[in-house]
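Novice: I have a structure I would like to understand better, so I am pasting it below and will then ask my questions one at a time.
Computed from the coordinates by the stated procedures, all read-outs in this text should not be read as laboratory data. What you see is a predicted model, and the numbers here were worked out from it, not measured in a lab. FYI the Cβ positions are ideal-geometry reconstructions off the backbone, even for glycines, and counts take in every protein chain you see.
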Amino acid sequence: MWGYNIDIQGMLIMAIALVLNVILVKKLTEVFAGRRFWLAAALCNVEAACYLIPYFARGRMFYVQEMAAGSFLFLACFFLIRKTGMRSGEAGGLNGRRGAVLFVIPVTGVIALGAMLLGDLEPYGVAALISACILAADLSVFYLYDVLLQNDTHVRQRDIYRRQTDHYRNQLEVIEESQDRIRALRHDMKNHMLHLSAELRQGHCEDALRYLEEMEEELQNPAEYVRTGNREIDSLLNYKMQKAKQVLAVVESDVNVPMELMPKSFDINVILGNLLDNAVEAAQKSERKWMKLTLRADRGVFLIHIANSCEREPEKGGKYFRSTKEEPGEHGIGLQNVRRMVERQNGEIEFACEGEIFSVDVMLYMNEM
Amino acid sequence: MEKYNVGICDDDKIFCTVLEETVHLAARALHQKIETEVWYSGESIMRDLERIPCPDILFLDIELYERSGIDVGRFIRDGDGYMTHIVYVSSKQEYAMQLFRLQPLDFLIKPISEEQVREVLARSLKQRAQGKALFEYQAGGVFYRVPCGEILYFISNDKKIAITAKEKGRDVNCCFAGGDTGNRQSMERTGDAARICSREFYGRLKDVAEKLPAGFLMIHQSYIVNSDYVAEYTYETVKMQDGSVFNISKPYRKTTRNRIRELEKARLHVGI
């Protein structure tokens with residue numbers, strides 16, 4: 001069909017090359033699962049460049065040898081890409097603008113290569129050089145992508161550290177406040193006891209009881225919402241609950257987790273923190289301004305249930321609830337990322353909306369936390 | 001209607017009296033006849049439980065003087081009280097991991113409201129009622145009936161299914177109403193009070209699964225486990241309270257996870 005004889009040997013080489021390519025592309029798709037379209041464009045480009053270099057280098061004669069040479073060039077490229085792409089699999093990714101810029105390079109490459117094929121380019125050496133340049137550019141894109149991703153992860157991690165420091169500082173203040181209250185009470189203990197015994201001696205039981213209640217109130221630190229003895233969870237929740245109380249009418253919590261549960265990763269902080277932020281934000285817009293958090297640890301399973309009143313039913317964008325926030329930039333790391341984190345730990349997450357109550361359920365396995 | 005036995009164990013006598021009254025109020029609201037028993041120390045309840053059966057539900061203080069609530073909980077779980085619903089009561093919110101291993105029905109922080117007691121009692125009654133449903137099977141031409149609440153797990157091997165259940169030491173008939181003493185059984189004594197026995201019958205595990213109530217999980221084409229007797233879940237395995245560990249086979253993992261979440265969520269009292 002191409003106007004020349006195809007020998008068996010050539011057919012064989014082509015078949016091998018084809019099979020190899022299919023396998024390679026499939027492998028790469030696994031690694032770059034998050035950015036399928038970008039990968040498709042970049043790969044198409046790399047592949048085209050790989051075939052065009054030997055093609056232009058030898059003039060316009062399309063021989064099996066060129067196909068084979070192209071294929072093996074592509075194979076070499078694959079290993080180069082593979083080396084950079086290892087980290088990308090789990091990454092949540094780059095935000096829109098940087099992703100778009102990254103997209104420009106392979107796309108322009110595709111256009112340039114197409115133009116070269118259609119246009120009558122002489123001498124062929126120049127065309128081969130251009131193809132080689134585009135190939136080099138594309139390969140460096142993969143490298144850049146990797147660096148960007150790495151950078152992104154660092155930034156996010158630093159953000160988490162910073163937030164955690166805030167939580168710890170708050171927790172320290174909470175603990176200090178609690179201790180101050182105890183100290184103050186102990187200081188006045190003699191007076192309290194004198195007062196109580198006087199009341200009781202006179203038979204004023206009701207007054208004594210009321211006085212005791214007042215003492216208890218004095219002892220309670222209003223900023224200490226949760227006290228599980230688990231440092232991570234206490235500091236996160238006391239911080240978030242305090243913030244929530246400032247803007248919501250009712251904040252309820254029901255938390256039963258063991259003291260010794262020490263999550264190995266930040267994930268629980270991120271998951272819980274983000275879901276609480278979302279709940280508070282939605283509840284704030286509603287009339288009832290109500291939120292409830294339930295945490296349970298049971299039989300190796302960690303459960304998070306957060307319910308909040310909401311203004312209207314969130315729109316469903318395909319499988320997921322669409323954000324009701326106007327500014328797309330303010331989404332934090334967003335529910336999508338929470339979902340990904342939960343799934344990475346083999347957990348499960350489900351959102352539900354009944355009337356004006358929005359709720360989210362998360363289940364995590366404690367051995368993976 | 002059967003009386004529900006409610007136990008209270010706390011070293012604070014005034015608290016015990018108040019809680020006892022609250023329990024009676026809650027029971028009346030639920031139209032449930034109950035009988036209460038109160039202990040003021042860990043030693044006394046442990047001594048008594050050597051003689052009398054464990055209560056159906058026990059409100060147990062964590063910080064008892066000599067023998068702590070954890071000791072009592074362990075004593076109950078190791079003995080006859082594998083079915084007892086333990087509700088831990090404390091003035092603190094700090095719970096040790098050990099407490100969680102004793103599979104308490106709930107934790108309550110003092111002071112305890114009537115609403116809380118009513119809710120926990122209702123949950124206990126509901127779970128107990130579910131456990132009373134009978135599972136029937138036929139082996140060697142004889143029909144057997146086992147309360148589902150006493151079944152630990154089913155293992156199928158070829159066409160045979162082995163059923164493993166708890167058996168109360170004092171009234172054996174309660175477990176297998178058939179009283180078969182045939183040779184198709186193996187017994188393993190794990191203590192004086194409760195033992196685990198296993199029997200076989202012919203059948204398909206899928207058919208068995210359809211007959212069982214919601215608390216049972218099919219985690220493998222050859223295993224069904226009772227979630228009430230699970231000690232620990234992971235994504236790939238289920239560890240039972242008797243120490244046996246089952247693999248969740250790949251095709252069952254996602255559905256099992258989903259079922260676990262539903263079951264565990266049902267244990268929460270998520271009020272709106």
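Novice: In degrees, nearest 10, range 0 to 90: what is the angle between the Cα axis of helix B:114-132 and the longest Cα principal axis of chain B?
Specialist: Helix B:114-132 sits roughly 20 degrees off the main axis of chain B.
Novice: While we're on this one: About its Cα centre, how strong a charge dipole does chain B have in debye, to the nearest 20, once Lys and Arg get +1 and Asp and Glu get -1 at the Cβ?
Specialist: That gives chain B a dipole magnitude of about 1400 debye.
Novice: Another one. With the cut-off at 22 Å, report for segment B:28-108 the share of all Cα pairs above it, as a whole percent.
Specialist: 21
Novice: Give a quick list of trypsin sites (Lys or Arg not before Pro) in segment B:1-32 that DSSP marks as loop, anything other than H, G, I, E or B, with at most 16 other Cβ atoms within 10 Å. Could the numbers behind the result be given before it?
Specialist: Working: sites: B:Lys3, B:Lys13, B:Arg28; in loops: B:Lys3.
Those satisfying the criteria are B:Lys3.
Novice: Another question, if that's okay. What would the Debye equation give as log₁₀ I(q)/I(0) for chain B at q = 0.09 Å⁻¹, counting only Cα atoms as equal point scatterers?
Specialist: -0.45
Novice: If you don't mind, another one. Counting each DSSP H run of 4 or more residues in chain B as -39500 (n - 2.57), what helix-only mean residue ellipticity at 222 nm follows after dividing by all residues, to the nearest 500 deg cm²/dmol?
Specialist: Mean residue ellipticity at 222 nm (helix-derived): -9500 deg cm²/dmol.
Novice: Return the whole-Å distance between the Cα centroid of segment B:46-106 and the Cα centroid of segment A:189-255.
Specialist: Going from one Cα centre to the other spans 28 Å.
Novice: Take the residue pairs B:Lys126/B:Lys159; B:Lys132/B:Lys211; A:Lys289/B:Lys110; B:Lys110/B:Lys166; B:Lys3/B:Lys211 and return only those whose Cα atoms are more than 23 Å apart.
Specialist: Violating the 23 Å limit, Cα to Cα: B:Lys126/B:Lys159; A:Lys289/B:Lys110; B:Lys110/B:Lys166; B:Lys3/B:Lys211.
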